[in-house]
Amino acid sequence: MSGLLSEIWPEAAAPEEHSTGPLRGVRVLDLTSVVMGPSATQILGDLGADVVKVESAAGDSMRWIGPFRHEGMGPLFLQGNRNKRSVVLNLKDPADRAALLDLVPRADVFVFNVRPQAMARLGLGYEAIRAVNPGILYVGAVGYGSDGPGAGKAVYDDLIQAASGIAGVFGTVDGTPRYAPVNICDRVVGLYLTIAITSALLHRERTGEGQQIEVPMFETMAQFVLADHMGGGAFAPPAGPMGYRRLLSRFRGPYPTADGHLSIVVYTDRHWRAFSAMLGIPELMDTDPRFRSQESRTVHAEHMGQFLAERLPSRTTAEWIALLEAADIPCCAVNSLEMLREDPHLRAVELFQEVEHPTEGTLTTTRFPVRFDRTPADIRRLAPNLGEHGGHPTRPETTPQEEPSA
């Protein structure tokens, strides 16, 4: 293993070549896998950080979800691991663990999403890492916070959607709990993970202090859901049932039109006066108390949605959009995944980029969506092949050395 990582971070002070983002010069040891952790470290990489992804010989499991051009380079992996280098290390092997520890003094961030107990067994607990680099940010993404009875439980997005109430609020709407068809918990908690790291980097810049950070999925998503749905539970004692009625309405939309579906938010008094005039009933808010104010419309959210659902089929989606936009009422068509690729706004702002991957050929990716005037995010590296930058890239028939906890 001698010299395995000799080409990575040869000089402590030298930023990664071509990096232009605000995190230029920040170095990240990334021991995360699946979706949540890698989405966060990709954001750090897009923002200019130099990210080294440490994988087992089995590789990140997202590599093996197709379709592929070559095995190990599936679309979920390609879309979540750019701006990273991949090294393969068996952290149960003393030589490989020593090779990793050789990088720690030159790293700013050490981030992982396996159980903290497993990190301790590997000799990579906080005290061991801090002994090598006192200023490091040691960041654990976990399923449940270490102070509670759920500590140490392995989780996935589906489980946290269920535990945090997301699946349950679907059940409140129509009686059937179900999952949102995106990895919403992984993506949201990945953003919190990024926020935690960048905030701690700012603190270290000001004080020189490193620290240990824990980002728990369950608590994060519970707070995220309850920010909308605390309802009467925001008061002690409770002032009414929990939940935000408008969001829990069975008739929230999108609504069917003569030829498709439409998303429309008739929300303020001005919106409702303009919309009722459009329908030929300008007196609606004055004669029907359910429509009179935002408060009454929230109480009668089911009726508001049903009112819209009954009237929108009278015109096509395009006809409604023309009328509603002229009245400055927020609306839009419902895009399919395929329609997103052709959306004129996304095309105009050049969200999609075609790039040439050295082994996978022409790929379509999406750029980092935030614009920086002075320190633009950039794509310097495309997702790496397993062990491309060191280690043993041949994939054996084994499972990862530690299952992720989040």
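For a Förster distance of 25 Å, can you work out the FRET efficiency between the beta-carbons of THR287 and ARG315, rounded to the nearest 0.05?
0.55
Let me check I've understood the local charge: for ILE136, count other residues with C-beta under 11 angstrom from its C-beta, Lys and Arg +1, Asp and Glu -1. What total comes out?
So the environment of ILE136 carries a net charge of +2.
As a check on your grasp of the helix formula, calculate [θ] at 222 nm for the chain: sum -39500 (n - 2.57) over DSSP H runs of n ≥ 4, divide by the residue count, round to the nearest 500.
That calculation yields -10000 deg cm²/dmol at 222 nm.
Near the amide H of VAL142, under 5 Å away, which other amide H atoms are found, from residues 5 or more places off or on another chain, if H is placed in the peptide plane?
Sorted by chain and number, the residues that satisfy this are VAL215, MET217.
Once both axes come from the Cα atoms, what is the angle between helix 269-278 and the longest principal axis of the chain, in degrees from 0 to 90, rounded to 10?
60 degrees
Please sort by residue number the GluC sites (Glu not before Pro) in region 209-275 whose DSSP state is loop and whose Cβ has at most 12 other Cβ atoms within 10 Å.
Counting only loop positions with at most 12 other Cβ atoms within 10 Å, the GluC sites (Glu not before Pro) in region 209-275 are GLU209.
Given contacts defined as C-alpha pairs under 8 Å and at least six residues apart, what's the relative contact order of region 255-333, whole-number percent?
Once divided by the residue count of region 255-333, the mean separation gives 46 percent.
Check GLN211: other-chain or 5+ apart residues with amide H under 5 Å from its amide H, H built from backbone geometry?
The list, which skips near neighbours in sequence, is LEU137, TYR138.
Between helix 317-326 and the chain, what is the angle of the helix's C-alpha long axis to the longest principal axis, kept within 0 to 90° and rounded to the nearest 10?
It works out to around 80 degrees.
If Lys and Arg each add +1 and Asp and Glu each add -1, what is the summed charge of the other residues whose beta carbon sits under 13 Å from the beta carbon of HIS261?
So the environment of HIS261 carries a net charge of +1.
Is the shape of region 122-170 best called rounded, prolate or oblate, per the rule: a/c under 1.5 gives rounded, else a/b larger than b/c gives prolate, else oblate, with a ≥ b ≥ c the square roots of the Cα gyration tensor eigenvalues?
Judged from the Cα gyration tensor, region 122-170 comes out prolate (a/c at least 1.5, a/b above b/c).
When a footprinting reagent is the concern and you count Cβ atoms within 10 Å, what order do ASP269, ASP96 take, fewest first?
The order, fewest Cβ neighbours first, is ASP269, ASP96.
Take the alpha-carbon centre of region 237-271, take the same for region 8-51, and report the distance between them in whole Å.
Rounded to whole Å, the Cα centres lie 41 Å apart.
Hey, fewest Cβ within 10 Å first, where do HIS18, HIS300 land in order?
The order, fewest Cβ neighbours first, is HIS18, HIS300.
Could you pull out every residue, at least 5 positions away or on a different chain, whose amide H is within less than 5 Å of the one on HIS261? Hs are placed 1.01 Å off N in the peptide plane, and Pro or chain starts have none.
VAL334
If a paramagnetic tag sat 7 Å from the Cα of ALA120 along the Cα-Cβ line, which residues of region 204-237 would have the backbone N under 18 Å from that point?
212-216
Relative contact order (percent) for region 1-138, with alpha-carbon contacts under 8 angstrom and 6 or more residues of separation?
25 percent
Rounded if a/c is under 1.5, else prolate if a/b beats b/c, else oblate: with a ≥ b ≥ c from the C-alpha gyration tensor eigenvalues square-rooted, which is region 43-164?
oblate
Can you pull the Kirkwood radius for region 255-333, inverse mean 1/r over Cα pairs, to one decimal in Å?
Result for region 255-333, one decimal place: 12.6 Å.
Enter the angle in degrees (range 0 to 90, nearest 10) between the Cα long axis of helix 217-229 and the first principal axis of the Cα atoms of the chain, meaning the one along which they spread out most.
Taking Cα atoms only, the helix is inclined about 20 degrees.
Please arrange CYS332, CYS185 by how many other C-beta atoms lie within 10 Å of their C-beta, fewest to most.
Ordered from fewest to most neighbouring Cβ atoms within 10 Å, CYS332, CYS185 come out as CYS332, CYS185.
Working out 0.36 nm times the residue gap between ARG347 and PHE251, then minus their Cα-Cα distance, what length gain in nm do you get to one decimal?
The span from ARG347 to PHE251 would gain 31.4 nm if fully extended.
How much length is gained if the chain between VAL370 and ARG69 is pulled fully straight, taking 0.36 nm per residue apart and subtracting their Cα-Cα distance, in nm to one decimal?
105.3 nm
State whether region 161-205 is rounded, prolate or oblate according to the following rule on the C-alpha gyration tensor (a ≥ b ≥ c being the square roots of its eigenvalues): a/c under 1.5 gives rounded; otherwise a/b larger than b/c gives prolate, and the remaining case gives oblate.
Here region 161-205 falls in the prolate category.
Can you tell me which aspartates and glutamates have their Cα less than 20 Å from the Cα of LYS92? Leave out same-chain residues fewer than eight positions away.
Cα-Cα hits under 20 Å: ASP30, GLU55, ASP60, ASP102, GLU127, GLU397, GLU402, GLU403.
Which whole-number percent is the relative contact order of the chain (Cα, under 8 Å, 6+ apart)?
23 percent
Throughout, read-outs are computed from the coordinates displayed, never taken from laboratory work. Just so it is clear, the structure is predicted and the values come from calculations on it, not from any experiment. With ideal geometry, Cβ positions are generated from the backbone for all residues, glycine too; neighbour counts draw on all protein chains shown.
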